[in-house]
Every structure is written in C-alpha cells, then in structure tokens.
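Note sheet for the following structure.
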Amino acid sequence: MKQRILIVGSGFAGMWAAVSAARLAWVNQNDTLEITVLSPQPELRVRPRFYEDNVASLVAPLQPLFDELNVNYLEGYAERIDEKEKIVWYRNSLQEITHVDYDRLILASGSHTQRANVHGINEFTFDIDQLASAQVLEKHLQSLPQQPESEARNTVVVCGGGFTGIELATELPARLRQIFGDDTKTKVIVVERGSVIGGRYSEALRDTIREASDSLGIEWMLNSEVESITQHGVTLKDGTDIASSTVIWTAGVRASSLGEQLHAERDAQGRFIVDENLQIAGQQDIFATGDMAHARTDDAGNVALMTCQHAIQLGKFAGHNAAASLLGIAPLPYRQVNYVTCLDLGGWGAVYTEGWEQEVKLVREEAKKLKIAITNELIYPPKADREVAFAAADPLAKFV
C-alpha cells in the first residue's frame with residue numbers, strides 16, 4: 001500500500017526535501033512511498049538573486065527533475081491543514097478548492113517580507129520579495145528616464161540595511177547608470193534604524209560594507225525610522241523628508257502563515273519550533289523546513305537563518321527524515337555546523353566570511369568570483385539525472 005509524503009512548497013527547501021525523500025526510498029529499494037510536491041508552479045525561483053536585473057531569467061524548471069525521480073507534482077496554493085484528517089486543502093489552477101491527503105507532511109512554504117505599519121507603505125513602495133514584485137520594480141526602474149528630471153526621479157531609497165537591503169543598494173548604482181547613462185547624477189540612500197552599518201555583523205564585515213558603500217557613493221541614514229511614504233518620497237520620524245520616486249522596502253521577514261491553526265509553538269518570525277529531526281513539536285506526522293523551521297544547527301545553540309544556505313540542508317534532512325519515519329529507519333539529526341556569509345557588494349565586489357564570528361576571508365574580486373559561483377551554479381537544482389541528483393541530496397554530503 002502506498003504511503004504519501006506531501007511537500008508544500010518548491011523553493012530550495014521543498015525541492016531538496018523531495019529529492020532527498022526519493023533518494024532514501026531508492027537506496028532502500030522501496031516503491032511504497034509516493035512523494036508529491038504541491039506548489040503554485042513546478043519551478044525554483046532563485047530568490048537570493050532578485051536584487052539583480054533581468055529577474056525573469058532567475059527561474060529553474062523542476063518538472064524534468066521530478067519526472068526523472070518519480071516525484072509527483074500538484075499545481076496549487078495550499079490554504080489550510082486538517083491535522084486530524086491528514087489533509088491539505090488547496091486552490092488548484094482552476095481556482096477550485098480541493099484537497100490532498102498525506103501520511104507525512106513537510107511544510108516548506110517559505111517566507112515573505114513583513115511590511116511595517118507605516119502610512120503609505122502598501123501604495124507607494126516596491127520590494128524584491130517575490131518574482132512578480134521584483135519584476136514590477138524592474139519595470140519601474142526602466143521607466144524612470146521617461147519622468148521629468150527631478151531629485152525625486154534620480155533618488156532611490158532602500159528601507160532596511162540587512163542582507164537584502166545591502167545587496168540591493170550596492171547593486172543599484174550600476175543599474176541606474178545603465179538606465180540613465182553616465183551623465184545623470186543619481187543617489188541611493190539606505191534608511192536603517194540601527195546605529196551602525198551592518199549592526200548584526202562582525203566588525204570586520206561591517207567595515208567592509210562601509211568601505212564598499214563609500215566607494216559606491218551610497219548614503220546611509222542611521223538611527224532612522226520611516227514615519228510615512230507618499231508618491232513624492234519618505235518622511236522619517238525625526239521629520240526629515242527624502243524626495244524619491246522609488247522607495248523599496250526590504251526590512252523584516254516572516255515565515256508563511258500556512259499552518260497557523262496547528263497546535264504548535266512558533267518563534268518571533270513565525271517559524272515552527274522543531275526538534276532535531278525537524279518534526280514540529282507536538283505534531284508526529286508534520287515536519288517543517290527552510291524558512292518555516294526554527295532549528296538548531298549545532299550543539300553551540302546557533303539557529304538556522306532564513307537563507308538558502310540553510311534551506312538547502314534543512315530540506316535534505318527533512319525529506320530524509322520524513323521518508324525514514326515511514327520506512328522504519330532511524331532519522332538523521334539535523335546538523336549544519338559550518339556557516340559562511342557571501343555578500344554581494346555590487347560594483348565594488350563582494351565579501352566572504354567563515355564561521356558564526358564572520359571572519360573575513362575574501363574581499364572584492366576574489367569574493368565576487370565565489371559569490372557568482374554560489375548564486376549562478378551551486379544553489380541551482382541538480383541535473384535531471386538520478387545518480388547526480390541523489391548524490392547531491394545526501395544529507396551527510398558536504399554542501400559548503
């Protein structure tokens with residue numbers, strides 16, 4: 001009798017969970033597992049690159065890989081989980097509400113930018129959170145030369161100085177030069193509530209970000225919070241007005257709300273608290289992974305971040321352990337001791353650090369080469385080749 005592992009989401013964690021579960025079934029020569037992925041489209045959207053230009057190209061198809069590995073695909077948006085009946089209700093491509101059952105459920109529905117309670121934020125800001133919104137921003141930037149010359153037209157404000165805000169801000173000078181030409185003076189301003197640039201990072205990493213920002217002419221407004229946003233720009237809580245036709249919100253991220261009705265504990269970012277096998281506490285049949293999981297990476301108390309680096313490994317362990325629970329195999333406790341940071345800094349280059357202490361190892365051109373290798377190759381799905389895919393999906397294989 002078939003037993004179904006249902007994976008909600010086809011991002012980094014969901015895709016790797018499917019491949020990893022298929023791998024364990026194949027290794028054990030077991031054909032009783034039915035692995036199904038439910039998501040809006042059978043593709044991996046390479047979200048870590050959405051700060052770049054030509055965002056429509058940052059998509060990798062997954063159907064050939066799923067076909068090769070006998071992974072089923074269901075197109076739809078998951079809306080509700082019935083934990084008692086082991087059913088997920090979803091809206092299909094015809095906008096009909098239907099359901100699919102499961103024996104084990106893996107929640108990999110990702111995260112989204114959390115917009116603050118700021119007047120005008122929904123009407124007058126852009127973001128690069130999802131493919132569609134990143135495309136809206138790209139179209140807007142391309143249309144700027146058609147606007148009348150003004151300080152507002154030539155000024156871009158990035159709200160939030162975290163990882164996404166830094167990569168976007170440092171990429172923008174080159175994008176704006178490509179759009180306007182070299183004769184138009186443009187300005188990129190980062191509004192950050194913290195007192196220092198890159199306040200969450202090590203001193204060495206902060207210094208590097210500051211050096212790159214100065215080189216690229218990026219202005220940082222520290223100790224600053226947004227009061228309101230209009231079509232004309234931003235007003236800060238101290239009364240400062242910044243004229244801008246382009247305000248981009250990057251501050252804050254929160255896990256998908258799917259499963260909020262489950263009797264389970266979540267952290268401040270909405271992630272499910274999971275055990276070392278990535279099972280949701282109190283939910284025997286449900287696992288969480290990627291941005292949906294609050295998971296310890298090691299015995300030192302470090303917790304996985306909401307990044308593709310952690311999502312990829314979390315997905316491999318979640319898929320393996322969900323399959324293992326149905327095959328009567330001991331699970332593999334999730335561990336990801338090694339941690340690196342590779343931050344794109346636009347035309348200046350990049351910076352690469354190792355360890356949770358973020359010790360800087362590479363900068364500028366050397367780091368940029370590594371960043372390109374990671375984002376253009378390493379994080380993409382494996383080939384639609386069973387042997388290659390299963391070798392990459394082994395949770396114990398080294399990723400970085």
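The values are calculated or read from the model by the stated rules, or taken from the named source; none is laboratory data. Keep in mind that this is a model prediction, so the values were computed, not measured. Positions of Cβ are backbone-derived with ideal geometry, glycine not excepted, and every protein chain shown enters the neighbour counts. SASA here: full protein model, heavy atoms, side chains in, ligands and nucleic acids out. Shrake-Rupley method; radii C 1.70, N 1.55, O 1.52, S 1.80 Å.
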Check: Can we say I242 is assigned to a strand (DSSP E or B) and in contact with a Lys or Arg (Cβ under 9 Å, 6 or more places away or on another chain)?
Finding: no
Notebook entry, point to check: Residues in region 307-361 that are farther than 25 Å from I166 by Cα and of a type in the set (K, R): how many?
Noted result: 2
Next item on the list: Please give the number of the condition A322 fails out of (1) surrounded by fewer than 15 Cβ atoms within 10 Å (Cβ to Cβ); (2) within 27 Å of Q3 (Cβ to Cβ).
Entry: (1)
Note to self: For the structure I just gave you, tell me whether A251 is open to solvent by 20 Å² or more (accessible area, probe 1.4 Å), part of a loop (DSSP other than H, G, I, E, B), in contact with a Gly (Cβ under 6 Å, 6 or more places away or on another chain) and closer than 28 Å to G110 by Cβ.
What the structure shows: yes
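Just to check your reading of the model, which residue among E260, E225, E192 is surrounded by 18 or more Cβ atoms within 10 Å (Cβ to Cβ), of a type in the set (D, E) and under 26 Å from the mean Cα position of the chain (by Cα)?
Going through E260, E225, E192 in turn, the sole match is E192.
Given the criteria surrounded by 18 or more Cβ atoms within 10 Å (Cβ to Cβ) and more than 24 Å from I273 (Cα to Cα), does D385 qualify?
Taking the combined requirement at face value, the residue does not satisfy it.
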Margin query: Condition first: without any contact (Cβ under 8 Å) to a residue 40 or more places away in the chain, outside any helix (DSSP H, G or I), open to solvent by 30 Å² or more (accessible area, probe 1.4 Å) and closer than 30 Å to V37 by Cα. Can you find one or more residues in region 297-308 that meet it?
Written below: yes
Margin query: Can you name every one of the helices (runs of 4 or more DSSP H) wholly within region 88-184 that holds 1 or more residues which are of a type in the set (A, V, I, L, M, F, W, C) and loosely packed, with under 13 Cβ neighbours inside 10 Å?
Written below: 131-143
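Output the residues belonging to region 278-296 that are over 28 Å from T375 (Cα atoms), open to solvent by 10 Å² or more (accessible area, probe 1.4 Å) and either modelled with pLDDT of 95 or more or among the aliphatic types (A, V, I, L, M) (or both).
From region 278-296, those over 28 Å from T375 (Cα atoms) are 279-286; that's our starting set.
When the remaining residues are screened for being open to solvent by 10 Å² or more (accessible area, probe 1.4 Å), the result is 279, 281-285.
Within region 278-296, Q279, A281, D285 meet the criteria.
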